[in-house]
Structures are given as structure tokens and as C-alpha cells.
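Have a look at the structure below, then the notes.
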Amino acid sequence: MKSRPGKRNSTRRKNLIEILTEARDAAVARVRVLRKEEQDDAAELPADGLDLAHSLEEVETDAALIERYDEKLKVIDEAFSRLERGRYGICEKCKEEIPVARLRALPFAAYCIDCQSKRIERRHPGEGDIDEPSRNVWIPPEELRETVEE
């Protein structure tokens, strides 16, 4: 006996909510741990220069990791928003459903495996889509482009 489409969609939606909730909970838990470590890593005065340098290095590492997890939480919130609009878990290229197993492995997958494979295959210099980080390339002002000889 086949399951009804409504029941299947309801089950899929519950799975998608579970995936995002687990990812959010894990990221929040990790940020809490990192913030605690950041506090613990701060050197107490009086400390010598080596202790301060070591402490600063650890605090900066913790801060960078916290920043990465904050970005992850932002992406999760965006995914929840897409879920509410019915767009989360749908391939951006072919508009087919991304399998739940893929989303469990990579909760922020925007493409199904086939479309992602095609994107990777055609990535050659000067070809393919421009990825988001590459869209905003900084172009230095004219006065910074001058060479030493000029």
C-alpha cells in the first residue's frame, strides 16, 4: 500500500524541521562551550609576556570559532525561513526535492547531488557560476594600482 502524498509531505517536513533543529542545537551548544573556553583562556594578571601571548592566541582562536558558529546559526535561521516558505530542501537548479539523507549529511545543501556534481565538473577558470564569496571582489582604487616605477 502506497503512502498518501499529504502524509509523505508531512513526514518530510517533520524530518526537515528535525534536521534544522538538531543543527541549531548543536551550534548553540558549541558556542556556549567556546565562550566558556574563551573566558577560561583569558590570562589572569599578573602574567608574563609569553603567558599573555599564549592567552591572546587562544582567545582569538575561540573568537574566530564563535564567529563561524554565529554564521552557521544565521544560515540555520535562513533555512527555517525558507522552510516556512516551502523552499528548504528543494534544489535551486532542477527544483526537485533534495533527499533527506543528503540534508542530514549537509543540512545547508542547496543542490541535489546530480546538480552539485554538474556544478563541480564545469568549474574551470572563467566558466560556471560565480559563487557568493566571489561576487564581491574588491577592486583597489586607482591610486593604489600605480606601480613603483610610475
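The values are calculated or read from the model by the stated rules, or taken from the named source; none is laboratory data. Fair warning: this is a prediction, and the values are worked out from it, not measured in the lab. Glycine gets a Cβ as well: all are built from the backbone with ideal geometry, and neighbour counts include every protein chain shown.
Against the conditions (1) part of a helix (DSSP H, G or I); (2) of a type outside the set (A, V, I, L, M); (3) without any contact (Cβ under 8 Å) to a residue 40 or more places away in the chain, Gly86 satisfies every one except (1).
Return a yes/no flag: does the stretch 54-62 have any residue that is within 28 Å of Arg104 (Cβ to Cβ) and surrounded by 14 or more Cβ atoms within 10 Å (Cβ to Cβ). Outline the logic, then answer.
Residues of the stretch 54-62 within 28 Å of Arg104 (Cβ to Cβ): none.
No, that holds for no residue.
Within the stretch 24-51, the set of residues being part of a helix (DSSP H, G or I), of a type outside the set (Asp, Glu), modelled with pLDDT under 90 and surrounded by fewer than 12 Cβ atoms within 10 Å (Cβ to Cβ) comprises Lys36, Gln39, Gly49, Leu50. Applying the set (1) in a helix (DSSP H, G or I); (2) modelled with pLDDT of 90 or more; (3) farther than 20 Å from Thr21 by Cα; (4) not aliphatic (A, V, I, L, M) to Glu92 leaves exactly one unmet item: (1).
A quick yes/no check of all residues on (1) at pLDDT below 90; (2) under 30 Å from Thr11 (Cα atoms); (3) part of a loop (DSSP other than H, G, I, E, B):
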{"position": "Tyr69", "(1), (2), (3)": "no, yes, no"}
{"position": "Arg82", "(1), (2), (3)": "yes, yes, no"}
{"position": "Ala101", "(1), (2), (3)": "no, yes, no"}
{"position": "Asp114", "(1), (2), (3)": "no, yes, no"}
{"position": "Gly126", "(1), (2), (3)": "yes, no, yes"}
{"position": "Asp129", "(1), (2), (3)": "yes, no, yes"}
{"position": "Val137", "(1), (2), (3)": "yes, no, yes"}
{"position": "Pro140", "(1), (2), (3)": "yes, no, yes"}
{"position": "Val148", "(1), (2), (3)": "yes, no, yes"}
